[in-house]
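Every number here is computed from the coordinates shown, using simple stated rules; none is lab data. All values reported here derive from a predicted model rather than from experimental measurement. Cβ coordinates were reconstructed from backbone atoms using ideal geometry, including for glycine residues, and neighbour counts include every protein chain displayed.
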Amino acid sequence: MADPQAAVLTQLRNIRARTGKSIPELHAALAATGLAKVGEKRSWLMEQFELGYGDANTVALLVGKLPPGLEGAPAGAPPAPQGDPLDAIYSGAKAHLRPLHDTVMQAVAALGPCELAPKKTYISLRRRKQFAMLGPATKDLIELGLNARSLPPHPRLKAMPPGGMCQYTVRLGGADEVDDTLAGWLRAAYDAAG
């Protein structure tokens, strides 16, 4: 069973890496706003630091309650890993796929704000819930998983069995495949997660 405390520490370390600010620095910035309600603090963090809903909510809820092992809190947890998590995902024989990943992420960015949650072998894209997953499928292809109901059949689109993390997947081998059709599928998943 996963350790919830370790998961929160990892989330907070990822927030620090994304914002360049420690959690105590974010809390100090929040205190300077004079905002009192968690929802107001969350919205401010989302706007000012481009945090996703979940990350901003966690920072807002932990004002004055830093978990042990985090800078500004009692010691006890190992230090945060350094570097871009995508460097580990796109390493070795898969390193050449990183530009394709970046091209897909440009299409995602055009949709609006979302939270990026790196995992060990892929990145999860979230709004209120996960709407897509992106990572290498093979040494020559990346796979985009989409959480969208009832997309029209298409030769590039593979329907997945019910109960999985995504309803559809698309494998991509070149930037030319990041087209209007793919953008439409991404939009449907993004809107459904909103």
**Message:** Give the lysines reachable from LYS37 as a straight Cα distance under 25 Å; neighbours fewer than 8 places away on the same chain don't count.
**Reply:** LYS21, LYS65, LYS129
**Asked** Dividing the alpha-carbon radius of gyration of the range 79-194 by 2.2 N^0.38 Å (N being the number of residues), what value is obtained?
**Response** 1.02
**Request:** Give, in nm to one decimal, the length gained when the segment between ALA109 and ALA183 is fully stretched (0.36 nm per residue of separation minus the Cα-Cα distance).
**Result:** 25.6 nm
**Request:** Normalising by the residue count of the chain, find the relative contact order in percent from Cα pairs under 8 Å and 6+ residues apart.
**Result:** 15
**Request:** Determine, at each q value in 0.20, 0.21 (inverse angstroms), the log₁₀ of I(q)/I(0) that the Debye formula gives when each Cα of the range 4-61 is one equal point scatterer.
**Result:** -0.65, -0.72
**Prompt:** Over the Cα atoms of the chain, Rg to Rh with Kirkwood Rh, two decimal places?
**Reply:** 1.00
**Spin-label pair LYS120/SER150, simplified geometry with 7 Å Cα→Cβ offset, distance in nm** = 3.8
